[in-house]
Amino acid sequence: MLQDLSPLELAYCIAVLLINFMLRGSLGFGGALGLPLLALVLPVKVLAPAWSLVGIVSSAAIVGHQRRHVDRRQFLGLLPGCALGILAGLFVFKALDAALLARALGGFIILYAAYSLWMSTRPAGSKPPVPPQVLRPAASFLSGAVGTIFGSMASIFFAMYLDAGGAGKHALRATLSAMLITLSVARTIGYAEVGELTLDSVILCAAALPAMGIGLLVGDRIHTGLSQAAFQRLVCAALAACGIALILSS
């Protein structure tokens, strides 16, 4: 499969992987569009299982390095709403138009990014107009629903869930990566059970590892140099970019 790609297509794949994992290394998320971008030149049936394998490796690398920052309480608090969202996502996936859903989600993500950016400019200790008790269950539910409908967008709502809980930059990146490991392992098991985890997917995963490693290293350097305020602004920018991409792609 890889040998069928032109030099330009190979360069494109490497660039997508580098950018995707620079975002993962610096923010813990932000690479949600990597899979659809790679799907422009690679077959989804091979790419999707490979992407889950790469997700396990990349998230494990972040968690292994930052495991002391994983917020277990927030991690466990996310699971019930996420499970309900998965059930709802299966129903919505069958009942509603995907393009309409993508536009609605894109608009919601952009509004949340603007809200979070505005909150970052307020004095410390200011009471948020939308309480975390509302935002966090909504983000938990949507992480499961959106992850089921679109396959690779759950991390956006993991970030919202942790951001609404006031997670610092280290806790957000490490805890989000722990959440992504859980999802990636579950998906990989599912692919194996239905016979879709093929040798081609394993080879594709192995081929992606060098670019993944370089992207994570660069992203980790960026993460280390960011202040908490700059980190939150970068999270807002990445959320807005994901929302705009969803609207344009639909």
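One decimal place: the segment I14-S227 gains 73.8 nm when fully extended, by the rule 0.36 nm per residue minus the C-alpha distance. For the pair A186 and W118, the difference between a 0.36 nm per residue extended length and the Cα-Cα distance amounts to 20.9 nm. For region 38-43, the Karplus equation 6.51 cos²θ - 1.76 cosθ + 1.60, evaluated at θ = phi - 60°, returns couplings of 5, 5, 5, 10, 10, x Hz by residue, with Gly and Pro reported as x. Simple spin-label estimate for I214 and K45 gives 3.2 nm between the two label positions (7 Å along the Cα-to-Cβ direction from each Cα).
What percentage of the solvent-accessible surface of region 159-250, computed with a 1.4 Å probe over protein heavy atoms, is contributed by carbon and sulfur atoms? Present the calculation step by step, with values, prior to reporting the outcome.
Numbers: 2820 of 4090 Å².
Carbon with sulfur: 69 percent of the solvent-accessible area.
The values are calculated or read from the model by the stated rules, or taken from the named source; none is laboratory data. From a predicted model like this one, the values you see are computed outputs, not experimental measurements. Positions of Cβ are generated from backbone atoms using ideal geometry, with glycine treated the same way; all protein chains shown enter the neighbour counts. Accessible surface is based on the protein model in full, side chains and every heavy atom, while ligands, DNA and RNA are left aside. Shrake-Rupley method; radii C 1.70, N 1.55, O 1.52, S 1.80 Å.
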